[in-house]
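The structure appears right after this line, and notes come after that.
The values are calculated or read from the model by the stated rules, or taken from the named source; none is laboratory data. Remember, predicted model here, so these are calculated numbers, not experimental data. All Cβ positions, even for glycine, are placed from backbone atoms using ideal geometry, and neighbour counts span all protein chains on display.
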Amino acid sequence: MKPTIPRFWQTAVLVLVVVGLLLLSLSGFMGSLFKAAQSPLVAAQRWISTRYLAVYEFITAPRDMASIHQKNAELKNQVALLQTQIIELQQQLSEASVLYALLDFARSQPENTYVAATVIGRDPNPFLKYILIDQGSDAGLRNGMPVVTAQGLVGRVDAVTAQAARVQLITDPASVVNVRLQSIEQEAQLAGSLTGELSLDMVPQDANVTPGTLIVTSGLGGTYPSNILVGQVLSVRKLENDLFQTALVQSAVDFNNIQAVLVITNFRPVEIAPLIPTPAP
């Protein structure tokens, strides 16, 4: 029969071991021991985590790239939409500014009545200078009515349908406008040309015409009302043996960018051609 250790002594030894471990833990020895035992485990955990993350990124990278491409495509679509909206807003602001300018012009000339019209076309013939507008006889337009913008004289109505009209520009080679040089009160004629340039003709040699002189309609001839701004003198051509001097004129209106116009509807042009005597043969 094997000798046995009494239970009392077993319990006492166990209590002494536990108490000893507690004392060692409190003294810091066990903490160092645990750290020493834990270090290899922590290193192994870090190595496994690094390899796991590398494998995970390798597996999920194609999915992430597809997501990035999709987001880029969505952002590009949003940018394109915003750019379109910006262009539309800029166009609306431009149209609004033109309309406000026309309104201010109409208010500054209360003696006239107007019909506002939008430019809807231009004559493709390079030797003729016309525009088409979206108002016609239904709005009270008639042949010969003057057409203006806030900047100055555009031309006159040349042909009319019920809902549209054609406007002959003052730059047309068949256009002649009786004008006045404002600063010197000198009458003259403004003529269009095939190139679209405006020339000042029938100016006496002794008239003091200088670049920058403003030109307005004179009202003579019954074609246009008086005092509508036409443009200004750019350069003067004066030859000693000529009866008249001529000048190149810059129009107050940019004919390439006309968007809207005003038709003066209370002006009735006077037909004076039959009253002008013809020279004897």
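Quick one: in region 264-281, which of the residues that are part of a loop (DSSP other than H, G, I, E, B) and surrounded by 15 or more Cβ atoms within 10 Å (Cβ to Cβ) is modelled with the highest pLDDT?
Thr265
Consider Leu194 carefully, then state whether it is crowded, with 20+ Cβ neighbours inside 10 Å and either at pLDDT 95 or above or under 17 Å from Phe255 (Cα atoms) (or both).
The answer is no for Leu194.
Filter region 220-263 down to residues that are surrounded by 14 or more Cβ atoms within 10 Å (Cβ to Cβ) and out of contact with any strand residue (DSSP E or B) (no Cβ under 8 Å at 6 or more places or on another chain), then give me how many there are.
Count: 1.
What is the residue count in region 217-263 for residues that are closer than 15 Å to Gly155 by Cβ, part of a strand (DSSP E or B) and either not assigned by TED's automatic domain parsing to the domain that holds Val154 or not small (Gly, Ala, Ser) (or both)?
Looking only at that region, the number is 7.
Here is a check on your reading of the model: is Thr213 at negative phi, over 29 Å from the mean Cα position of the chain (by Cα) and surrounded by fewer than 22 Cβ atoms within 10 Å (Cβ to Cβ)? Please lay out each step first, then the result.
Working: at negative phi: yes; over 29 Å from the mean Cα position of the chain (by Cα): yes; surrounded by fewer than 22 Cβ atoms within 10 Å (Cβ to Cβ): yes.
For Thr213, the condition - at negative phi, over 29 Å from the mean Cα position of the chain (by Cα) and surrounded by fewer than 22 Cβ atoms within 10 Å (Cβ to Cβ) - is met.
Yes or no: Arg156 basic (Lys, Arg), closer than 18 Å to Gly196 by Cα and over 26 Å from the mean Cα position of the chain (by Cα)?
Yes; evaluated as a whole, the condition is true for this residue.
Return the only residue of Asp201, Asp254, Asp206 being of a type in the set (D, E, K, R), within 30 Å of Pro126 (Cβ to Cβ) and either at pLDDT below 90 or more than 33 Å from the chain's Cα centre (by Cα) (or both).
The conditions single out Asp201.
Could you run through region 124-169 and say how many residues are of a type in the set (Val, Ile, Thr), closer than 20 Å to Asp254 by Cβ and touching a helix residue (DSSP H, G or I) at 6+ places or on another chain (Cβ under 9 Å)?
Residues flagged as of a type in the set (Val, Ile, Thr), closer than 20 Å to Asp254 by Cβ and touching a helix residue (DSSP H, G or I) at 6+ places or on another chain (Cβ under 9 Å) within region 124-169 amount to 4.
Please verify whether Thr171 is over 17 Å from Ala260 (Cα atoms), free of Cβ contacts under 8 Å to residues at least 12 places away in the same chain and not aromatic (Phe, Trp, Tyr), treating the condition exactly as stated. Step through it out loud before you land on a result.
Values: over 17 Å from Ala260 (Cα atoms): yes; free of Cβ contacts under 8 Å to residues at least 12 places away in the same chain: no; not aromatic (Phe, Trp, Tyr): yes.
It is false that Thr171 is over 17 Å from Ala260 (Cα atoms), free of Cβ contacts under 8 Å to residues at least 12 places away in the same chain and not aromatic (Phe, Trp, Tyr).
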